[in-house]
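In what follows, a structure is listed as structure tokens, so that the remarks can point back to it.
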Amino acid sequence: MNNYDVIVVGAGLSGLIAAAAATAAGAKVMLAAKGAGTLTIGSGTIDLLGYDNAGRPVAAPAAALAALPADHPYGKLGLPAVQAAADFFLALCAAAGYPYCGTLAANRWLPTAAGTLKPACLVPATMDLAGTEDAAHVVVLAFAGLRDYRPEMVIEGLSRRPGFRGKHFSTAVVDAGFGPGRDATALDLARWLDSDAGRRECAEQLKKRLPPGCLVLLPPVLGTRPDYQAWRDLEAATGCRLVELAGIPPAVTGFRLRALFLAHLRRQGVAIHEQAPVTGAVVANGRCLAVVTGQPDRRREYRAGAFVIATGGFLGGGFESAPGAACESIFGLPLDVPADQLAWSEPRLLAARPQPFARFGLETDQDLRPIGADGRAALANVHFAGPNLAGYDYSCEKSGNGVALVSGYHAGTAAGEGRA
């Protein structure tokens, strides 16, 4: 039996930020996770709010929050809590030597590997287009053998987008030397660029292929570590601006952010238990006393004064469903869902309006504790974060990592400060 001040369940962005916030509040923290979470394959950007309820692009996230309904996680927590979470995140990244760009005052529009523009609020410096407006020549860089990446698609799409119309586009190819017949992944290339020899070889090839002063768009491959060494070295060698595209998963940019958080948590003394799925809990008198992990060898209980559950909703295994019913997986808390399961979804997958199931989740109070039938906290020392929360559609809103960040920070802070 193990005792902690706070136990965080889940190692996606909401769980990682919750653990960091709880340690900042002075708590002794354990992080339990059954897997790596989706952060490790995602873009690593903080998409606070990209579109409003009518599907219109959001220019200023901070201003747009005021129009959200009260049951939305942002509406429940309020703008000061959103700003505090963003400040905490930016300070943590800067202290780790991997500062992010952006503020809540304006979204950035990032070019993607599909030739589209993606809204994001806080982004790695390698993905920021600021200062490239006057670049007349854009080179879309390819790597020999890289799977699922088509420079022609990037050019076809971006050449019609605001900020890129009228620019001259061309392509160039770098060969990392993996040999014929072998596919490469973005992670392979990032590891190549982690090495001094890889960066030197890449720089030599780029100097032969790039016109001076051009803007270079490339897949997210500029190293696996949460630093900007590869980016800075290649820009210095070529005299060109390099911008990583937002790519389809798996993306190395999210891999870097996860590495940053894990290194920070280990420095803070957080006990990280990987491959430790939480299968149940010990509850008495409206409080959680312990969570239970199911391992092949034996059952383990971990005790704490407070808990943060960041298990990812339906996609992460945080919810379970049956015909006409759904519940949270650890405590069995019921979700408010229609009894007619046909009403859970819109028949047209890509319909303009949100899918009903996307908004399913737990109703919580302002400290993100689950609310019981009597309207009060059903578990006084348990806080939920991320996709476990009801009231938002991260896909339509482009708010997934934003809600994860804000709710994770608030839940971790509340657990760390309120531990008994």
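Are any of the residues in region 211-231 within 22 Å of residue 12 (Cα to Cα) and among the acidic types (Asp, Glu)? Yes - at least one qualifying residue is present in region 211-231.
Inside region 130-173, can you point out the residues that are among the polar types (S, T, N, Q) and touching a Phe, Trp or Tyr at 6+ places or on another chain (Cβ under 9 Å)?
To start, the set of residues in region 130-173 that are among the polar types (S, T, N, Q) comprises 132, 159, 170-171.
The one that is among the polar types (S, T, N, Q) and touching a Phe, Trp or Tyr at 6+ places or on another chain (Cβ under 9 Å): 159.
Of all residues in region 55-66, those that are surrounded by 13 or more Cβ atoms within 10 Å (Cβ to Cβ) and more than 20 Å from residue 122 (Cβ to Cβ) total 0. Scanning region 17-54 for residues that are surrounded by fewer than 18 Cβ atoms within 10 Å (Cβ to Cβ), of a type in the set (Gly, Ala, Ser) and farther than 26 Å from residue 415 by Cα yields one hit, 54. Within region 310-331, the residues that satisfy the criterion of being in a loop (DSSP other than H, G, I, E, B) and farther than 20 Å from residue 375 by Cβ are 310, 311, 312, 317, 318, 323, 324, 329, 330.
If you filter region 371-386 down to residues that are touching a helix residue (DSSP H, G or I) at 6+ places or on another chain (Cβ under 9 Å) and not in a loop (DSSP other than H, G, I, E, B), you find that the one that is modelled with the lowest pLDDT is 386.
On the basis of being under 30 Å from residue 4 (Cβ atoms), surrounded by fewer than 22 Cβ atoms within 10 Å (Cβ to Cβ) and not aliphatic (A, V, I, L, M), does residue 269 make the cut? Reasoning before the result, please.
Numbers: under 30 Å from residue 4 (Cβ atoms): yes; surrounded by fewer than 22 Cβ atoms within 10 Å (Cβ to Cβ): yes; not aliphatic (A, V, I, L, M): yes.
Answer is yes for this residue.
Contact map, region 222-233: first residue without any contact (Cβ under 8 Å) to a residue 60 or more places away in the chain and buried (at least 18 other Cβ atoms within 10 Å of the Cβ), second residue of a type in the set (Phe, Trp, Tyr) and in a loop (DSSP other than H, G, I, E, B), Cβ cut-off under 8 Å, separation 6 or more or different chains; the map is empty. Per the conditions (1) over 27 Å from the mean Cα position of the chain (by Cα); (2) free of Cβ contacts under 8 Å to residues at least 40 places away in the same chain; (3) farther than 20 Å from residue 115 by Cα, the sole criterion not satisfied by residue 210 is (2).
Filtering region 332-364 down to residues that are assigned to a loop (DSSP other than H, G, I, E, B) and in contact (Cβ under 8 Å) with a residue 60 or more places away in the chain, which residue is surrounded by the fewest Cβ atoms within 10 Å (Cβ to Cβ)? Only one residue tops the list, namely 352. Annotation note: of 35, 15, 26, the sole residue that is at pLDDT 95 or above and over 23 Å from residue 73 (Cα atoms) is 26. The residues of region 302-323 that are exposed (fewer than 15 other Cβ atoms within 10 Å of the Cβ) and of a type in the set (D, E, K, R) amount to a single one, 320.
Residues that are touching a residue at least 40 places away in the same chain (Cβ under 8 Å) and more than 28 Å from the chain's Cα centre (by Cα) are absent from region 195-202 altogether. Within region 215-257, the residues that satisfy the criterion of being at pLDDT below 95 and over 18 Å from residue 145 (Cα atoms) are 246, 253, 254, 255. The condition of being more than 14 Å from residue 190 (Cα to Cα), free of Cβ contacts under 8 Å to residues at least 12 places away in the same chain and either more than 22 Å from the chain's Cα centre (by Cα) or outside the structural domain of residue 122 (by TED's automatic domain parsing) (or both) holds for only one of 284, 263, 306, that being 284. Residue count for region 365-381 under the criterion of being in contact (Cβ under 8 Å) with a residue 12 or more places away in the chain and either among the charged types (D, E, K, R) or touching a Ser or Thr at 6+ places or on another chain (Cβ under 7 Å) (or both): the result is 5. Counting residues in region 38-56 that are at pLDDT 95 or above, assigned to a helix (DSSP H, G or I) and within 30 Å of residue 263 (Cα to Cα) gives zero.
Can you confirm whether residue 66 is of a type in the set (A, V, I, L, M), under 19 Å from the mean Cα position of the chain (by Cα) and either at pLDDT 95 or above or not in a loop (DSSP other than H, G, I, E, B) (or both)? Against the criterion (of a type in the set (A, V, I, L, M), under 19 Å from the mean Cα position of the chain (by Cα) and either at pLDDT 95 or above or not in a loop (DSSP other than H, G, I, E, B) (or both)), residue 66 does not qualify.
The values are calculated or read from the model by the stated rules, or taken from the named source; none is laboratory data. Nothing here was measured: the structure is a model prediction, and the numbers come from that model. Positions of Cβ are generated from backbone atoms using ideal geometry, with glycine treated the same way; all protein chains shown enter the neighbour counts.
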